[in-house]
1. In the set (i) 18.4; (ii) 17.0; (iii) 16.0, which value of Kirkwood radius over Cα pairs in Å was calculated from the structure you see?
2. Which of 89, 125, 19 moves the most in a Gaussian network model of the chain with Cα springs under 10 Å?
3. Quick one: if the Förster radius is 35 Å, what FRET efficiency do residue 90 and residue 2 give, using the C-beta to C-beta distance and rounding to 0.05?
4. Tilt of helix 57-79 relative to the longest C-alpha principal axis of the chain, in degrees (0 to 90, nearest 10)?
5. Distance between the C-alpha centers of the range 86-154 and the range 5-67? Whole Å please.
6. Just need the relative contact order of the chain here, percent rounded to a whole number, with Cα pairs under 8 Å and 6+ apart.
7. Multiplying the sequence separation of residue 12 and residue 61 by 0.36 nm and subtracting their Cα-Cα distance, what value in nm do you get?
8. Over the range 46-104, what is the relative contact order in whole percent, taking alpha-carbon pairs under 8 Å and six or more residues apart?
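What follows draws every value from the coordinates through simple rules; no lab data is involved. Just so it is clear, the structure is predicted and the values come from calculations on it, not from any experiment. Cβ placement follows ideal geometry from the backbone for every residue including glycine, while neighbour counts extend to all protein chains displayed.
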């Protein structure tokens with residue numbers, strides 16, 4: 001079993017808090033030293049409390065699904081002897097009420113466009129089959145209904 005970590009840091013920095021107009025900007029830190037500016041979505045919390053130029057959790061969710069799918073697709077293509085020159089996905093997610101009446105990311109649509117190089121390229125059926133298999137193998141897609149626990153540190 002593998003464990004993955006992320007550290008999320010937010011500070012009030014002296015701003016009033018009880019008026020609910022505090023900044024939602026924060027930092028995501030990952031084990032390799034990467035730091036990403038993050039914020040609530042401006043679709044959820046208006047600017048200036050949100051930052052339009054930062055990544056929001058909803059975007060990160062879509063990106064994680066797309067990235068995982070792409071990585072599996074590239075692996076499958078390589079194993080089948082197909083050279084991928086470029087891969088681009090303009091993924092999109094929709095927020096709506098789910099079957100329990102809660103606001104959720106109810107649908108994510110991946111729209112990958114793949115450019116193959118070399119003399120031996122796959123046909124449309126094989127490309128479709130690789131995308132189907134990539135979806136089945138994607139750890140993130142398989143985790144969408146995962147249990148999320150909250151264990152506050154005292």
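1. Answer by label: (i).
2. Per the Cα network of the chain with a 10 Å cutoff, 19 tops the list.
3. On the way: r = 30 Å, r/R0 = 0.85.
The value I calculate is 0.75.
4. Approximately 20 degrees, to the nearest 10.
5. Distance between centres, Cα-based: 22 Å.
6. Working: 195 pairs, mean separation 24.6, N = 154.
It rounds to 16 percent for the chain.
7. Working: separation 49, 0.36 × 49 = 17.64 nm, distance 2.52 nm.
Taking residue 12 through residue 61 to full extension adds about 15.1 nm, to one decimal.
8. On the way: 20 pairs, mean separation 15.2, N = 59.
Relative contact order here is 26 percent.
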